[in-house]
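Since the structure comes first, as structure tokens, the remarks are kept for the end.
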Protein chains: 2
Amino acid sequence: MNTVAPTPPELPPPLPEPAREELKLETVLAALADPLRLQIIQKLLLESEDYDHPCGWFGFDRPKSSLTHHFKALREAGLIRQRQYGLERRSRVRDEDLEQRFPGLLALVKSWRSPGA
Amino acid sequence: MNTVAPTPPELPPPLPEPAREELKLETVLAALADPLRLQIIQKLLLESEDYDHPCGWFGFDRPKSSLTHHFKALREAGLIRQRQYGLERRSRVRDEDLEQRFPGLLALVKSWRSPGA
């Protein structure tokens, strides 16, 4: 059991997102073709536990409106699932859907070395 | 031996391109995030023999200037190598470089189903 950020027993419903069978490679690639978005997905894949993370968890030095935009783009492309917790949206990678539709893609994101690294 | 389009014994030098170690995932994904470009790479992967193909081989119903632009973008991102044969540029996928740097990426492009398919 994780005492830092336990998953609530009843999750809020996911925000609108494409179904697994609606995911499109060109759309997923377009959403990932940005260092900040690659970093978001990579961090979720490498560091997150089995629960949703709020925007602030990422520690990016960007305006909230810009981050909100990037998370929305990732959700609409089908890369992340977002849930609304009060005023806050939390995100996690749709790893099973992505691995099933685009095997190996998340492994590439995991092994990506960001320009600043 | 292929009698249709034999590889000349001395190839023209490649047009400028990033070296293997300079390839960037975000740049490669951005170049692929377009159905026409996915189609170009997929066709080269699935149908081409071991030689370079001119623009016309693809049979796209697009203005030549538009195709030239897309091929240039793919070359500058490191996805294809282009050589100048007289007035014509011919292209092939940098499959070894891409597989070494981004294993599995070309398999995803191969298995992509274009929106029109």
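Here, each number is a calculation from the coordinates, and none is a lab measurement. Bear in mind the structure is a predicted one, so any value in this text is a computation, not a measurement. FYI the Cβ positions are ideal-geometry reconstructions off the backbone, even for glycines, and counts take in every protein chain you see.
Here are a few things to note about the model shown:
- Here region A:47-116 and region B:50-105 have alpha carbon centers that stand 32 Å from each other.
- For the rotational copy pair A/B, the chain A residue whose Cβ lies nearest the symmetry axis, together with its distance in Å, is A:Gly104, 2.
- On the beta carbon distance between B:Glu10 and A:Leu36, with R0 = 45 Å, the FRET formula returns roughly 0.50.
- Across the identical copies, the label point of B:Pro115 (7 Å from Cα in the Cβ direction) is separated from its matches by 2.8 nm, in order from shortest.
- Tensor-based shape of the protein assembly as shown (alpha-carbon gyration tensor, a/c under 1.5 rounded, otherwise prolate or oblate): prolate
- Of the residues A:Arg20, A:Arg83, the one with the fewest other Cβ atoms within 10 Å heads the list, and the complete ranking is A:Arg20, A:Arg83.
- Distances between copies at B:Tyr85, taken between label points 7 Å from Cα along the C-beta direction, are 6.0 nm in increasing order.
- Within the straight-line cut-off of under 22 Å between alpha carbons, the lysines reachable from A:Lys64 are A:Lys43, A:Lys72, sequence neighbours fewer than 8 places apart in one chain being disregarded.
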